[in-house]
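Report on the structure given below.
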Amino acid sequence: MKIQSKVLKISIAVVIGVIFLLVIYQKNNDTSHAVTIADFENIKLGTSYSDIEKRFGPAKDIGSGLHIFMYELADKSQVLLGFADINHLLYIKHRLSDGTINDLVNNVN
C-alpha cells in the first residue's frame, strides 16, 4: 500500500509539473499578447527579420517562396511582413479580421 501511495504522489507531481511547463511554454510562444499595430508603425523597409524578431519575438512563417512572417494581434487582425531575403523587409501589411489587407508602410531606407 505504501508503494502505491508513493507512486500516486509522484504521478500527481509529474502531471502538475507538465501542466506548469505547458502553461509557461504557451505564454513564451504567444505573439498576440504584447504586439499591437502601433508597434509596427516605426519599422522601416529594409529592416532584417533578426532585428524584428529581437523586438517582437518569433513570428509564424506562412510564406512559400517568399518569407511571410505573421504576427497575430490581440484584436485577431494580423501583421504580415514580407521578405525575399530574410535580411531585407519588403513590405508590411495589416490584415483585418474581415479579410481586408492594407499597406502599413510606404517608406524606403
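Output the residues belonging to segment 67-109 that are of a type in the set (Phe, Trp, Tyr) and surrounded by fewer than 17 Cβ atoms within 10 Å (Cβ to Cβ).
Tyr91
I'd like to check something: does segment 14-22 contain any residue that is under 18 Å from the mean Cα position of the chain (by Cα) and either part of a helix (DSSP H, G or I) or modelled with pLDDT of 80 or more (or both)? Even if it seems obvious, please write down each step before you answer.
Step one: of segment 14-22, the residues under 18 Å from the mean Cα position of the chain (by Cα) are 22.
Still in the list and also either part of a helix (DSSP H, G or I) or modelled with pLDDT of 80 or more (or both): 22.
Yes, segment 14-22 contains a residue that is under 18 Å from the mean Cα position of the chain (by Cα) and either part of a helix (DSSP H, G or I) or modelled with pLDDT of 80 or more (or both).
What residue, among those in segment 37-61 that are of a type in the set (Asp, Glu) and not in a strand (DSSP E or B), is surrounded by the fewest Cβ atoms within 10 Å (Cβ to Cβ)? Quick ask: steps written out before the conclusion?
Filtering segment 37-61 down to residues of a type in the set (Asp, Glu) leaves 39, 41, 51, 53, 61.
Restricting the remaining residues to those that are not in a strand (DSSP E or B) gives 39, 41, 51, 53.
Numbers: Asp39: 14, Glu41: 10, Asp51: 13, Glu53: 13.
So, considering only residues that are of a type in the set (Asp, Glu) and not in a strand (DSSP E or B), the one surrounded by the fewest Cβ atoms within 10 Å (Cβ to Cβ) is Glu41.
Would you say Ser64 is outside the structural domain of Thr100 (by TED's automatic domain parsing), modelled with pLDDT of 80 or more and surrounded by fewer than 10 Cβ atoms within 10 Å (Cβ to Cβ)?
No; evaluated as a whole, the condition is false for this residue.
Need pairs with beta-carbon distance below 7 Å; first residue assigned by TED's automatic domain parsing to the domain that holds Ala59 and within segment 78-103, second of a type in the set (Lys, Arg); sequence gap 6+ or separate chains.
Gln78/Arg95; Leu80/Lys93; Leu80/Arg95; Ser97/Lys76; Ile101/Lys93; Ile101/Arg95; Asn102/Lys93; Asp103/Lys93
Scan segment 62-77 residue by residue and report those that are assigned to a strand (DSSP E or B) and either farther than 18 Å from Asp103 by Cα or in contact (Cβ under 8 Å) with a residue 24 or more places away in the chain (or both).
Tyr71, Glu72
The values are calculated or read from the model by the stated rules, or taken from the named source; none is laboratory data. None of these values were measured; they are calculated from a predicted model. A quick note on method: Cβ atoms are made from the backbone with ideal geometry, for glycine too, and the neighbour counts reach across all protein chains shown.
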